[in-house]
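Remarks on the structure that follows.
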Amino acid sequence: MADKDTKYTLEIKDLQVKYKTMDGVVEAVNGIDLTIEKGKTLGLVGETGAGKTTTIKAVVGIHEYEKGEIRVDGKDVRPQPLACKKVCAYIPDNPDIYEYLTGIQYLNFIADIYQVPGKVREERIRREAEEFGIFPVLGDLVSTYSHGMRQKLVLIGALLHEPKLLILDEPFVGLDPEASLILKGKMHALCERGSAIFFSTHVLEVAEKLCNRIAVISAGKLVAEGATKELTGDKSLEDVFMEVTHHDEAD
């Protein structure tokens, strides 16, 4: 059962994920510990191949993990996967959508999965689609959408049930400046309502501005984590990132 008094929407403890390859076993994530409080945003940053996407996929149930514990809203994702997924929304770095559906069919499909009532979904779909500028094309097949339009459609679908935990992998890639600004506003509004956000990004400036906390991952290990202002101090996040991910080279 969930702990109703938990202040954390996401808890990751001693997470370890391994891959089997032709050359043997690769340790993709080793000993990650992270927590995100309700109403807060945590940005996961790291170089390509550091383990960001692997960590996220373990949280949402795509990757199995050898060791550790992941709890969403007080529930353990292993024995209670559906309960955890019910309160989450996940947007991968390269969203795949059924191309034979129209935009509105896709959104209704997502709303059905999360049991969003008819009138509520209609209002939310119209509001979100108009803000993201794709309402006029919701009747068109997804196969006719550009990458940016598909990204917006997936974002709208993720917001329909107002998730307690929004998980995004490189969410700003492929979005135009206006859509990026709108998404930042949506993320802020979700946190104001008590939801938590966990997202990865290569854009350190975005993470520094949007996140209450920052976690830096390198070679599958957490090398720095803390409140954004405390972590950066009088430096930029870029300076801190370079220091903690390249200190071995400097030695």
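The values are calculated or read from the model by the stated rules, or taken from the named source; none is laboratory data. Everything numeric in this text was worked out from a predicted model, so none of it was measured. We place every Cβ from the backbone using ideal geometry, glycine too, and count neighbours over all the protein chains shown. Calculation scope for accessible area: heavy atoms of the full protein, side chains included, ligands and nucleic acids excluded. Shrake-Rupley method; radii C 1.70, N 1.55, O 1.52, S 1.80 Å.
Miscellaneous remarks
- The C-beta contact set for segment 127-153 (first residue closer than 10 Å to ILE97 by Cβ, second residue aromatic (Phe, Trp, Tyr) and buried (at least 17 other Cβ atoms within 10 Å of the Cβ), distance under 7 angstrom, 6+ apart or interchain) comprises VAL142/TYR106; LEU153/TYR106; LEU153/TYR145.
- Any hit, segment 84-93, residues being among the charged types (D, E, K, R), farther than 15 Å from ILE32 by Cβ and open to solvent by less than 50 Å² (accessible area, probe 1.4 Å): no
- Of the strands (runs of 3 or more DSSP E) contained entirely in segment 1-53, those carrying at least 3 residues that are more than 17 Å from the chain's Cα centre (by Cα) and in contact (Cβ under 8 Å) with a residue 60 or more places away in the chain fall at 24-37.
- Residue among ALA227, ALA189, ALA219 that is touching a Lys or Arg at 6+ places or on another chain (Cβ under 6 Å), of a type in the set (Gly, Ala, Ser) and open to solvent by 20 Å² or more (accessible area, probe 1.4 Å): ALA227
Every residue, every condition in (1) among the hydrophobic types (A, V, I, L, M, F, W, C); (2) more than 15 Å from SER218 (Cα to Cα); (3) open to solvent by 60 Å² or more (accessible area, probe 1.4 Å), yes or no:
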{"position": "LEU10", "(1), (2), (3)": "yes, yes, no"}
{"position": "LYS52", "(1), (2), (3)": "no, no, no"}
{"position": "VAL60", "(1), (2), (3)": "yes, yes, no"}
{"position": "GLU64", "(1), (2), (3)": "no, yes, yes"}
{"position": "LYS67", "(1), (2), (3)": "no, yes, yes"}
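- Candidates in segment 195-215 are the residues that are in contact (Cβ under 8 Å) with a residue 24 or more places away in the chain and more than 15 Å from the chain's Cα centre (by Cα); of these, the one that is least open to solvent (accessible area, probe 1.4 Å) is LEU204.
- For segment 125-139, a tally of residues being closer than 23 Å to LYS86 by Cβ and part of a loop (DSSP other than H, G, I, E, B) returns 0.
- Count of residues meeting criterion [open to solvent by 10 Å² or more (accessible area, probe 1.4 Å), in a helix (DSSP H, G or I) and not acidic (Asp, Glu)] in segment 111-124: 6
- Checking each residue in segment 135-164 for being over 19 Å from the mean Cα position of the chain (by Cα) and open to solvent by less than 20 Å² (accessible area, probe 1.4 Å) picks out LEU138, VAL142, TYR145.
- Evaluation of ILE167 against (1) open to solvent by 10 Å² or more (accessible area, probe 1.4 Å); (2) outside any loop (DSSP other than H, G, I, E, B) (one fails), failing number: (1)
- From the list PHE172, PHE198, the one residue that fits, being closer than 22 Å to THR53 by Cα, touching a helix residue (DSSP H, G or I) at 6+ places or on another chain (Cβ under 8 Å), in a loop (DSSP other than H, G, I, E, B) and not β-branched (Val, Ile, Thr), is PHE172.
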